[in-house]
Amino acid sequence: MNAIKKYLAEFIGTFVLVFFACGTATVVGCSAANGTGYLLTALAFGLVIVAMAYSIGNVSGCHINPAVSIAMLINGKLSVKDFIGYVISQFLGAIAGAGVLALFVGVESGLGANALYKGDILLSIVIEIILTFVFVIAILGVTSKVENGAVAGLVIGLSLTLIHILGISFTGTSVNPARSFGPALFVGGDALINVWVFIVAPLIGGSLAAIVYKFLASEK
């Protein structure tokens, strides 16, 4: 498959994720006190993954997340060259998605940007590592067998929904450096100052998931 097509697919997928999922969070709200909006936001993130998995999955694998890409790199399913290409495409897609979303709702809406849990960097890093670990290990497990191909997108989407149902109350749920960077870039302020937490923690979580899954799946 032409590398440019794979990178374009990752750009499109991440654009859709930010525009639709972060857009839903912005429009309906994601406060735990407002159960309907909370669940709609969680579902939006999961449904985007389902939609993209069955549309661009056969082109790029539908990572649309640097934390997933680094896990695939560690497990030998992605080359260093493609990893760099994927991550650049994902960040550009997220920036474009946030930029277009800002045209509709304005940057003062927050654009679904992530925030520290109780202003605590350490707690935020820990929860993001845990959330990302669970999400990525689910991806690695369901994609490890060819026969799971028909249901993989649904499983991954539902896993992301589950992650958001818990994580929204803490950090808004990142588990995706690109998804966090796009909105933060436009919102600025604390969102941009603290965005490194939502870049570093998911990458750590994804890497740990890859290492642990590699060990669990090893026959040695």
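FYI, it's all coordinate maths here, none of it is from the lab. This is a predicted model, so every value here is computed, not measured. Neighbour counts run over all protein chains shown; Cβ positions are idealised from the backbone, glycine included.
Give me the distance in nm between label points sitting 7 Å out from Cα along the Cα-to-Cβ direction at Glu108 and Leu166, one decimal.
About 3.7 nm separates the two model spin labels.
Using only alpha carbon pairs under 8 Å that are at least six residues apart, calculate the relative contact order of segment 3-217 and give it in whole percent.
31 percent
Mind giving me the nanometre distance, one decimal, between the label points for Lys145 and Val100, set 7 Å out from Cα along Cα→Cβ?
Computed distance between label sites Lys145 and Val100 equals 3.7 nm.
What are the residues whose amide H is under 5 Å from the amide H of Tyr117, where those residues sit 5 or more places off or on another chain and H is modelled from the backbone?
Ser124
Dividing the Cα convex hull volume of the chain by residue count, how many Å³ per residue is that?
109 Å³
Could you tell me which of Ser207, Val136, Met72 has its Cα farthest along the dipole of segment 3-217 towards the positive end, charges placed at Cβ (Lys, Arg +1; Asp, Glu -1), taken about the Cα centre?
About the Cα centre, the residue reaching furthest to the positive side is Met72.
Roughly what angle does helix 177-187 make with the longest principal axis of the chain, taking Cα atoms, 0 to 90 degrees, to the nearest 10?
Once rounded, one gets 20 degrees.
If you only keep lysine pairs separated by 8 or more in sequence, or across chains, how many in segment 1-152 come under 24 Å at the Cα atoms?
Values: Lys5/Lys77; Lys5/Lys81; Lys6/Lys77; Lys6/Lys81; Lys6/Lys145; Lys77/Lys145.
Summing the qualifying lysine pairs gives 6.
Would you work out the charge dipole size for the chain about its Cα centre, treating the Cβ of every Lys and Arg as +1 and the Cβ of every Asp and Glu as -1, and quote it to the nearest 20 debye?
440 debye
Taking the Cα atoms of segment 1-117 alone, what are Rg (to one decimal) and Dmax (as a whole number) in Å?
According to the Cα coordinates of segment 1-117, Rg and Dmax are 15.0, 47 Å.
Using only Cα atoms, locate the centre of segment 124-145 and the centre of segment 54-116, then give the distance between them in Å, rounded to an integer.
Computed from Cα coordinates, the inter-centre distance equals 16 Å.
List the GluC sites (Glu not before Pro) within segment 111-220 that DSSP assigns to loop and that have no more than 10 neighbouring Cβ atoms inside 10 Å.
Loop-located and lightly packed - Glu219.
Helix 121-142 versus the longest principal axis of the chain: what is the Cα-based angle in degrees, 0 to 90, to the nearest 10?
Helix 121-142 sits roughly 40 degrees off the main axis of the chain.
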